[in-house]
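These notes are about the structure you will find just below.
The values are calculated or read from the model by the stated rules, or taken from the named source; none is laboratory data. What you see is a predicted model, and the numbers here were worked out from it, not measured in a lab. Glycine also receives a Cβ, built like all others from the backbone with ideal geometry; neighbour counts cover every protein chain displayed.
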Amino acid sequence: MATFASQVVLHPTVSQSLKFAGTTLGRDKTYRAIQYFARFYTWFLLSRGEKDAAARWSALKTHLATARKLLRLGKPVEHLQAALKASFAPGPASETITTIGRQISYFGYLSFDALVWVNAVKFYSFSTETNTKISKLANRFWLAGIMLSIINGTIKSVRLAKEERRIKHSKTWGEKDVSQEAERETRLSTIISARDNTRHQLTIDLLDMWIPATALGISNMNEGALGIFGLISSLIAGQKQWESVNGKK
């Protein structure tokens with residue numbers, strides 16, 4: 001029995017899960033995945049008229065959303081730092097501008113989202129009208145950040161695709177230029193990795209954009225679809241963090 005227990009408790013997957021959950025991002029993506037599954041499942045139960053069961057999942061969704069806002073209280077400053085660093089980093093002007101705009105938008109989103117949390121936990125109560133305005137501003141900044149991220153990702157993807165084609169079709173260096181060939185392969189590997197990361201973020205953005213867009217009345221997605229989109233984007237981001245924490249590519 002002790003041997004069986006040790007095999008379970010000390011299993012590599014358990015250890016990897018603990019490392020993943022030990023990071024703030026890992027916990028956030030786990031909570032987010034459950035939150036959006038609860039959002040979908042609440043809609044599903046309500047569509048079947050199961051109001052009591054739906055109420056439990058709706059409460060779980062609400063509490064997880066509140067908990068995630070608490071985890072993100074320090075994030076606005078991180079985005080300001082990222083915007084400042086982007087302004088000094090070399091690169092195409094279009095990518096720099098959209099990166100700075102995205103980071104500033106996320107700063108605005110998370111700052112107003114923190115005020116939503118303050119009201120939700122009743123640390124300071126805003127009027128219903130003021131809280132609604134704050135929520136709308138948060139969603140506007142969120143949507144703006146996502147759209148700028150999509151524009152940035154699209155521009156970057158095009159540039160990286162051109163660079164990849166140029167290197168692949170460039171003249172081979174020959175046996176005497178081994179060091180140059182190695183440098184070429186390293187550059188190609190770096191470009192492919194950056195391209196994959198960009199496409200990965202684009203997929204997440206294209207799924208997430210519908211959440212604030214619907215909250216603002218720009219689109220009319222139902223709660224079930226939004227729950228599925230949020231769940232998928234959470235799992236994609238969570239997988240990336242899992243690979244990062246556990247040293248996998």
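No other residue among Gln103, Gln81 is of a type outside the set (D, E, K, R) and closer than 17 Å to Asp208 by Cβ apart from Gln103. Of the residues making up region 201-224, those that are β-branched (Val, Ile, Thr) and either touching a residue at least 60 places away in the same chain (Cβ under 8 Å) or closer than 17 Å to Ser135 by Cα (or both) are Ile211, Thr214, Ile218. Close Cβ contacts (under 8 Å, 6 or more residues apart or on different chains) running from residues in region 99-116 that are under 12 Å from Ala82 (Cα atoms) to residues that are of a type in the set (D, E, K, R) and surrounded by fewer than 20 Cβ atoms within 10 Å (Cβ to Cβ) comprise Tyr106/Lys75. Within region 24-46, if we keep just the residues that are basic (Lys, Arg) and in contact (Cβ under 8 Å) with a residue 60 or more places away in the chain, the residue that is nearest to Glu78 (Cα to Cα) turns out to be Lys29. Are any residues in region 203-220 over 11 Å from Ser233 (Cα atoms) and hydrophobic (A, V, I, L, M, F, W, C), and if so, which ones? If the condition is that a residue be over 11 Å from Ser233 (Cα atoms) and hydrophobic (A, V, I, L, M, F, W, C), then Trp210, Ile211, Ala213, Ala215, Leu216, Ile218 are the ones that fit. Return only the number of the condition from (1) at pLDDT 95 or above; (2) part of a loop (DSSP other than H, G, I, E, B) that Leu73 does not satisfy. Unmet condition: (1). Scanning region 117-130 for residues that are touching a residue at least 12 places away in the same chain (Cβ under 8 Å), surrounded by 15 or more Cβ atoms within 10 Å (Cβ to Cβ) and either assigned to a loop (DSSP other than H, G, I, E, B) or in contact with a Phe, Trp or Tyr (Cβ under 7 Å, 6 or more places away or on another chain) (or both) yields a count of 1.
If you go through region 81-105 and keep only what is of a type in the set (A, V, I, L, M) and either exposed (fewer than 15 other Cβ atoms within 10 Å of the Cβ) or not in a helix (DSSP H, G or I) (or both), you end up with Leu84, Ala89, Ala93. Looking across region 43-70, the residues that are of a type in the set (Gly, Ala, Ser) and either surrounded by 14 or more Cβ atoms within 10 Å (Cβ to Cβ) or not in a helix (DSSP H, G or I) (or both) come down to Gly49, Ala53, Ala54, Ser58, Ala65, Ala67. Here Val14 fulfils each of the conditions (1) at pLDDT 95 or above; (2) hydrophobic (A, V, I, L, M, F, W, C); (3) farther than 18 Å from Ile211 by Cβ apart from (1).
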